[in-house]
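Before any comments, here is the structure.
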Amino acid sequence: MSHTAHIRSHRKPRRNTNRLALRAGVAGGVLSTLAVAGGSASAAPAETPVTGSTLEMPTVTDALAGAAAKSSAATELAAQDYEYRAELDKQRDRAADTARAAAKKAKQEAERKAEAERKAEAERRAKEARAEKAAAEARERASRQAERTTLTNTAATATSSATGSVGTVLSFLEAQLGKAYVMGATGPSAYDCSGLTQAAFKTVGVDLPRVSQDQSTTGTPVSLGNLQKGDLLFWGGVGSAYHVAVYVGDGMYIDAANPSKGVVKQKLSDYPPTSATRVL
């Protein structure tokens, strides 16, 4: 005997593998027997004697068949429920896709309308700005026309009321010869070109505009070959003249020339003008 034989083992006793296999075999055999017995019972002649040990077999077989039928019905119901749930999921997905598409379309339509409204507003403002600019230009033209008409009427009145108006203007200009040229000066000790002509015609009641650009739009235009004493001479375009003088006859004019010359009498041929007007 081993010297450890008297010591009890602490390991759990192993299950008897053979006993488990035997139980499984017996259970399988019973089920097989029940199946065979059920088949034999349905096929056996009516006169076959039935012993007491086999009277319970149809009841067991019926129970198994009922359980199988219930299991099959449950499986079918489960499959139908799965298909129903899957169809619901598909419908929800389609509804979600439709909702997203509708939302996207609505957003695009809203953005399109907003852009159209922005463009319409910009066009409206641009149209208003153009209309306002046109109205301002029209008012400016009307004002200039009224001023020219006033000057023309004033000149006509002065001509009819005083035969010696031109002589008065020329006498004034002769008296200013030798005085200094100063930009922006209107007399009496110094002048620029338009300041001198404005002061000269003011002596006979004709109020000329202050600068040569505006003076070039007053009176009645005359050709350079038909000049008379007292006509205004201009250098530059009508409405944009940069110099003005007064014709005094015999091919001569008086002007406030520049800072180096001052107020002088010069030959028309030395520096020919580009246009002329008559206000007296």
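The values are calculated or read from the model by the stated rules, or taken from the named source; none is laboratory data. Treat the numbers as computed from the prediction; the structure is a model and nothing was measured. Reconstructed Cβ throughout: ideal geometry from the backbone, glycine too, with neighbour counts over all protein chains shown. All accessible areas refer to the heavy atoms of the entire protein, side chains included, with ligands and DNA or RNA removed. Shrake-Rupley method; radii C 1.70, N 1.55, O 1.52, S 1.80 Å.
Scanning segment 171-210 for residues that are without any contact (Cβ under 8 Å) to a residue 24 or more places away in the chain, more than 16 Å from Pro259 (Cα to Cα) and of a type in the set (Ser, Thr, Tyr) gives a single hit, Ser171.
The set of residues in segment 237-263 being of a type in the set (D, E, K, R) and touching a residue at least 60 places away in the same chain (Cβ under 8 Å) consists of Asp255, Lys261.
In this structure, is Thr163 open to solvent by 60 Å² or more (accessible area, probe 1.4 Å), at pLDDT below 90 and not in a helix (DSSP H, G or I)? So Thr163 fits the description; yes. Against the numbered list (1) surrounded by 24 or more Cβ atoms within 10 Å (Cβ to Cβ); (2) farther than 12 Å from Thr277 by Cβ, Thr197 comes up short only at (2). Restricting segment 182-194 to residues that are on the phi < 0 side of the Ramachandran plot and open to solvent by 40 Å² or more (accessible area, probe 1.4 Å), the residue that is nearest to the chain's Cα centre (by Cα) is Met183. Just to check your reading of the model, which residue among Gly237, Gly249, Gly262, Gly230 is within 57 Å of the chain's Cα centre (by Cα) and either over 26 Å from Arg144 (Cβ atoms) or open to solvent by less than 80 Å² (accessible area, probe 1.4 Å) (or both)? None of the others qualify; the one that does is Gly237. Take the conditions open to solvent by 30 Å² or more (accessible area, probe 1.4 Å) and at positive phi and apply them to Gly205. Does it pass? So Gly205 fits the description; yes.
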